[in-house]
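Here's the structure, in structure tokens; my notes come after.
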Amino acid sequence: MKKLESVNDFVIKFANVNGTGSASANNMFAKALFRMGLPVSPKNIFPSNIQGLPTWYEVRVSEAGYLGRRGGIDIALSVNPQSMAQDISEVEPGGYFIYDNTKPLDLRLVRNDVNIIGIPLTRICNEEYKDPRQRQLFKNVIYVGALAALLDMDFKVLTDLVADQFKGKEKLILPNIHALELGHQYARNNVDCPLGIRVQAADAVGDKILLDGNTALGLGAVYGGATVAAWYPITPSTSVVDAFEKYARRVRIDPGTGRKNYAIVQAEDELSAIGMVIGASWNGARAFTATSGPGVSLMSEFLGLAYFAEIPTVLFDVQRAGPSTGMPTRTQQSDILSTAYASHGDTKQVLLFPSTPKECFDFGAQAFDLAERLQTPIILMTDLDLGMNDNMSPPLEWEDGREYDRGKVMTAEQLEAGVEFGRYTDVDGDAICYRTYPATHPSKGAFFTRGTSRDEKAVYTEKGEEYEENMLRLMRKWDTIKEYVPGPEVVSAAQKTDIAVLYFGTSEESSREALDYLAKEGVHMDAMRVRAFPFNHEVKSFIEEHEQVFVIEQNRDAQLRTLLMAEFELGPDKLKSVLCFDGTPISARNIKKQINLHLDGGEIQPLHRSRVANAGGE
Amino acid sequence: MSYQIPKFRHPDLPVNELGYTRADYEGSISTLCAGCGHDSISGAIVRACHELSIEPHKIAKLSGIGCSSKAPTYFLGKSHGFNSVHGRMPSVVTGAAMANRDLLYLGVSGDGDTASIGMGQFAHVARRNLNMVYIVMNNGCYGLTKGQDSATADEGSVSKKGDANIYSAIDLCGTALQMGATFIARSFSGDKAQLVPLIKAAISHRGFALIDVVSPCVTFNNNPGSTKSYEFVRDHAEATGTVDFVPMQKEITTEYEAGFSHEVTMHDGSSVHLYKMEEDLNPFDRTSALIAMEKHRVAGDILTGLIYMDKDSRDLHDVMETSRRPLNTLGAEDLCPGNQMLKNINASLR
Ligand SMILES: Cc1ncc(C[n+]2csc(CCOP(=O)(O)OP(=O)(O)O)c2C)c(N)n1
Ligand code: SF4
Ligand SMILES: [Mg+2]
């Protein structure tokens, strides 16, 4: 039988039962490879359930440094009978299916084109451990040990990792190492090791780190000077506030008094959460909330208030598959339109699109500067894939001495000196006006913040001209905003070309990889990664300079494409869509396949996953 | 439109300890209907703040949407104000109070704003015992949308349209008590003698202070048959007792009968005197307060005055143990941990 052969380049998928402690063992596996100098990209595919349903963990290993989903599974490791039929069917021809053969494999599942390897995990556990909880936990560690032998991993890296992981709980170190050895020995003695697919130490990660985007965002909020966090729990955003709290506890407790230099309020719902952020920001603190699509829907009215009354507001949207409750534990980039034009009336909201944990950190901190400088909501758009998975990322950095940009705030001294204050008066010509914090001066600078129309001095008015003047100023401010938000990144093709791709956020890595595949076939494409909305003139020129631009995104309705068409008044022919919306991160093979189909002249519908799978695996 | 009140005043108007006259606490000229109860409440707020000698700029006034929520434009013109969205004033105040614990937060709302669209936020701000004064201008109807019944309209009460309300009424004082509010009073816009000291006491209270003020809507709900009309309230108000507010280190001048009185020292050193109390109400006991409210509800009259107060209330900042320094005064030097910590974090992620 054919055996897939490769060194440091494969996709492995673990099939587990939710709530059985498999996550930490799977993490250990990915981290060990990372410590061997190999770029890894682990992705948790989990159900909306606390215990019992199937859950998967897919790890991409690529010495070449491709971190997106490739598509296809080379090795499946199945310890969940519930999903076994699906798991084995997904394996690439010539791939490997590793399962717990304490019970024999259902003959109907056997595939002749897949290498089937049995490791009697349950039996080993039952022989070794009496306590059922131990049996369950160590079963996971045992298969990691077995994989170490099957893939020829450096065993010492694993044992060091265990020692690091259980620092402070030393009693757990030896039993874990023992479990690793049990699996390792069994595989070595009973299976032909290593498999055709194996690893060897490399030097391909440099100073990179392995971190989830939500933790990076929480840290960004700490470094960005947030003091007030208000939130309502929702997957996949919850861990942003968890991380903020974890680090705030570490660095924001006043050593003298033991009191907190931060306040975290778990609100009664998202309306309240964003209301608190607006109230705190209005009062001169840096504040944020984190949520996902359903929360954004609820926050919509307040986002309009913050836009119109020009109150700095920081919102982190960790997107998941909608509409409605959708697939709450699956990823998508499908809140683009609902955030870009969030709220009734003529509104436009600033969006940031990070694509790595480092950018989550950088943009997370920068969001507070932008919000205060631009006096408007800043909505940072990440997603479940970036937020909840460990992503390989450049290390986090902070320039010591960097100061916060608190924007245009008129001080008591300025007011005292007689500087004229008009809350909505554009004195500098950039359409951004001065604000005052409450309690600044005993008799000057007070104003009434409202969502109703008002004149330049913040006095209520229903005069059409004044309303219109203000709305036009907000449009001029929109132009100012373009100069402040992160600009796009361009990767030019090796050869001059008039076709291009445009993507954002977590579609970056798979797109990059797909373009490499295409280039090998002689299809060269320039690439642009958009990092913010409003789009600046560079985005416009890039599109104009190409005959055809493929917009790659993870939603059904081609939302970024719609936004580009609306903002630049483009016709429908210029931009073509490459979409994935099945809840899994878009894969390189899927992107390549769709672009190929377009270029072959087919007007294609967004591809269903199974069609892509037939065409090469997904 | 808002018009500024002309600042010309008689030179010997009484000034407070800060040298301010009452005019320094006023706002723009009201655009509410002539005779609207809300304007009287605005007047009471002006008087209370003036008499307490609070620096106007140290007050933040916030509201939702409604005629009542417009009222903050008509008082405290030197204070920052925030007219937010319908029913959501409590969350905005909560955020503001988190940012700066040193200001006095005065929330103004209507019965629609509080008891319907804002019921959730109202319940939760009470539960968190946020240090604020929450005044409901309660007219039993939605004034600004032309008089529909609100959730505080009594069952059977008839508004101008002529239909009797078929639903039972939400009692905001009872709700607040259940939710954990630590100061609860009810009053009537037409009774300044009672309202002003209640506002002062509420301001001195540390924690969530609700004053539910019946405030007739002359345009839509002041007709015979309405239980929120001037006439009905005058006839049916039953005061728990009289409240006298004594600022810090002031002599008590009011004479009152011993044996019927309570004196409460507030955290800022001022004191509240309650006297001629309704015999079986102990306003420091939740159960007693609940029973009194229920008794009066059954009797069909309106219990006014101080209903409940927790003398040992701990507000949200106390329980959260936030810094005594307002969070909005902290700078990068206090807040940003610096690059070395990131280096350590990076190292732990390899
Ligand atoms: C989300 C939303 N829904 C509806 C309205 C319309 N609206 C404005 S004021 C109001 C009711 C106000 O009633 P209340 O709070 O009792 O104030 P009043 O005018 O009686 O003082 C309503 C329903 C609104 N502004 N916002
Ligand atoms: S409609 Fe009613 S509540 Fe509104 S201003 Fe007129 S009297 Fe007051
Ligand atoms: Mg009302």
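The values are calculated or read from the model by the stated rules, or taken from the named source; none is laboratory data. All of these numbers come straight from a predicted model, not from anything done at the bench. Because the Cβ atoms are built from the backbone with ideal geometry, glycine has one as well, and the counts that use them run over all protein chains shown. These area figures cover heavy atoms from the full protein model, side chains too; ligands, DNA and RNA do not enter into them. Shrake-Rupley method; radii C 1.70, N 1.55, O 1.52, S 1.80 Å.
Would you work out what percent of the accessible area of chain A, with all protein chains in place, is carbon or sulfur (probe 1.4 Å)?
49 percent
Which residues of the range A:243-262 end up with at least 40 Å² less accessible area in the presence of all protein chains than when their chain stands alone, using a 1.4 Å probe?
Flagged in the range A:243-262: A:V251, A:R259, A:K260, A:N261.
Give the accessible area for A:S48 in Å² (nearest 10); use a 1.4 Å probe, count only protein heavy atoms, and leave out ligands, DNA and RNA.
Taking all protein chains as shown, A:S48 has close to 80 Å².
Take the Cβ-Cβ distance between B:D163 and B:M320 as r, set R0 to 41 Å, and report the resulting FRET efficiency rounded to the nearest 0.05.
0.30
Starting from 0.36 nm per residue, how many nanometres of slack lie between A:D152 and A:N49 once their C-alpha separation is accounted for?
33.6 nm
Straight distance only, please: which aspartates and glutamates reach the Cα of B:K58 with their own Cα at less than 12 Å, same-chain residues fewer than 8 apart left out?
B:D102
Among the listed pairs A:K246/A:K482; A:K463/B:K161; A:K408/B:K343; A:K167/B:K343, give every one whose C-alpha distance is greater than 24 Å.
Over 24 Å Cα-Cα: A:K246/A:K482; A:K463/B:K161; A:K408/B:K343.
What accessible area, summed over both chains, is buried at the A-B interface (1.4 Å probe, Å², nearest 100)?
Its buried surface, counting both partners, is about 5400 Å².
What number comes out for the charge environment of B:Y20, summing +1 per Lys or Arg and -1 per Asp or Glu over other residues with Cβ under 10 Å away?
Around B:Y20, the charge tally is -1.
When the dipole is taken about the Cα centre of the range A:1-108, and only Lys, Arg (+1) and Asp, Glu (-1) are charged at their Cβ, what size is it in debye, to the nearest 20?
Charge dipole of the range A:1-108: 160 debye, to the nearest 20.
Note down the accessible area of A:E469, probe 1.4 Å, to the nearest 10 Å².
That residue has around 90 Å² of solvent-accessible surface.
Where does the range A:213-310 land on Rg/Rh, using Cα atoms and the Kirkwood Rh?
Computed over Cα atoms, the ratio is 0.98.
Taking amide H positions as placed 1.01 Å from N in the peptide plane, with prolines and chain starts having none, which residues 5 or more places from A:A342, or on another chain, fall under 5 Å of its amide H?
So A:A342 has HN proximity to A:Q349.
Under 1.5 on a/c is rounded, so check that first for the range B:25-95, then, if it is not, pick prolate when a/b is larger than b/c and oblate when it is not; a ≥ b ≥ c are the square roots of the alpha carbon gyration tensor eigenvalues.
Note, shape of the range B:25-95 comes out oblate.
Solvent-accessible area per residue for the range A:114-186 at a 1.4 Å probe radius, Å²?
47 Å²
Would you tell me the accessible area of A:L599, worked out with a 1.4 angstrom probe on the heavy atoms of the protein chains, in Å² to the nearest 10?
70 Å²
Which value, in Å to one decimal place, does the Kirkwood hydrodynamic radius take for the range B:44-147 when every pair of different Cα atoms is included?
13.6 Å
Just need the relative contact order of chain A here, percent rounded to a whole number, with Cα pairs under 8 Å and 6+ apart.
Dividing the mean separation by the residue count of chain A yields 12 percent.
Computed on alpha carbon atoms, what radius of gyration and Dmax characterise the range A:211-393, expressed in Å?
Rg, Dmax (Cα atoms, Å): 14.9, 49.
Using amide H atoms built 1.01 Å from N in the peptide plane, name the residues 5+ places from A:K576, or on other chains, whose amide H lies under 5 Å from its own.
A:V549, A:F550, A:V551
Considering only Cα-Cα distances, which of the following residue pairs are longer than 21 Å: B:K61/B:K160; A:K348/B:K146; A:K13/A:K171; A:K348/A:K540?
Result: B:K61/B:K160; A:K348/B:K146; A:K13/A:K171 exceed 21 Å.
Please list B:V214, B:V298, B:V319 in order of solvent-accessible area, largest first, computed with a 1.4 Å probe with all protein chains present.
B:V298, B:V319, B:V214
If you rank B:E321, B:E333 by how much accessible surface each has, with a 1.4 Å probe, what is the order from largest down?
Sorted descending by solvent-accessible area, the residues read B:E333, B:E321.
Tell me the relative contact order for the range A:254-364 as a rounded percent, counting alpha carbon contacts under 8 Å between residues six or more apart.
20 percent
Give a residue-ordered list of calculated ³J(HN,Hα) values for the range A:332-339 (Karplus: 6.51 cos²θ - 1.76 cosθ + 1.60, θ = phi - 60°; whole Hz; x for Gly, Pro).
6, 10, 10, 9, 5, 6, 5, 8
Using a Debye calculation, one point per C-alpha and no hydration shell, please list log10 I(q)/I(0) for the range B:22-348 at q = 0.06 Å⁻¹ in order.
Log10 of I(q)/I(0), two decimals: -0.21.
Could you tell me the distance between the Cα centroids of the range A:8-44 and the range A:349-412, to the nearest Å?
29 Å
How many angstrom lie between the Cα centre of the range A:160-210 and the Cα centre of the range A:221-280?
37 Å
Quick one: pull the percentage of alpha-carbon pairs in the range A:146-193 with a separation above 11 Å.
Tail fraction, whole percent: 65.
Determine the residues within the range B:39-82 where the difference in accessible area between the chain on its own and the full set of protein chains amounts to at least 50 Å²; count protein heavy atoms only and use a 1.4 Å probe.
B:H57, B:K78, B:H80, B:G81, B:F82
So for the protein assembly as shown, Kirkwood radius off the Cα pairs, Stokes-Einstein at 25 °C and 0.890 mPa s: how many µm² s⁻¹?
Answer from the Stokes-Einstein relation: 79 µm²/s.
Name the residues whose placed amide hydrogens come within less than 5 Å of the amide hydrogen of A:G95, ignoring near sequence neighbours (fewer than 5 apart) on the same chain.
A:L4, A:N115
Per the helix-only calculation at 222 nm, which mean residue ellipticity applies to the protein assembly as shown, given -39500 (n - 2.57) for every DSSP H run of n ≥ 4 and division by its residues, nearest 500 deg cm²/dmol?
-10500 deg cm²/dmol
If you plug each phi of the range A:21-33 into the Karplus form 6.51 cos²θ - 1.76 cosθ + 1.60 with θ = phi - 60°, what whole-Hz ³J(HN,Hα) values come out, in order, with x for Gly and Pro?
Once θ is set to phi - 60°, the couplings for the range A:21-33 become x, 6, 4, 6, 5, 5, 4, 4, 4, 5, 5, 5, 5 Hz.
Give me the Kirkwood hydrodynamic radius of the range A:489-613 in Å, from all C-alpha pairs, to one decimal place?
14.4 Å
How long, wide and thick is the range A:521-560, going by the Cα atoms along their three principal axes, in whole angstroms, largest first?
Here the Cα extents, ordered largest to smallest, are 33, 27, 16 Å.
What's the long-distance tail for the range A:6-198, i.e. % of Cα pairs beyond 25 Å?
More than 25 Å apart: 30 percent of the Cα pairs in the range A:6-198.
When DSSP assigns beta bridges and you keep just the ones with both residues in chain A, what percent turn out antiparallel, to the nearest 5?
Taking every DSSP beta bridge with both residues in chain A, the antiparallel ones total about 35 percent.
Per residue of the range A:289-299, in order, report the coupling 6.51 cos²θ - 1.76 cosθ + 1.60 (Karplus, θ = phi - 60°) as ³J(HN,Hα) in whole Hz, putting x for Gly and Pro.
With coefficients 6.51, -1.76 and 1.60, one gets 9, 10, 7, 9, x, x, x, 4, 4, 5, 7 Hz.
P(r) tail for the range A:410-461, what percent of Cα pairs lie past 18 Å?
Every Cα pair in the range A:410-461 considered, those over 18 Å come to 30 percent.
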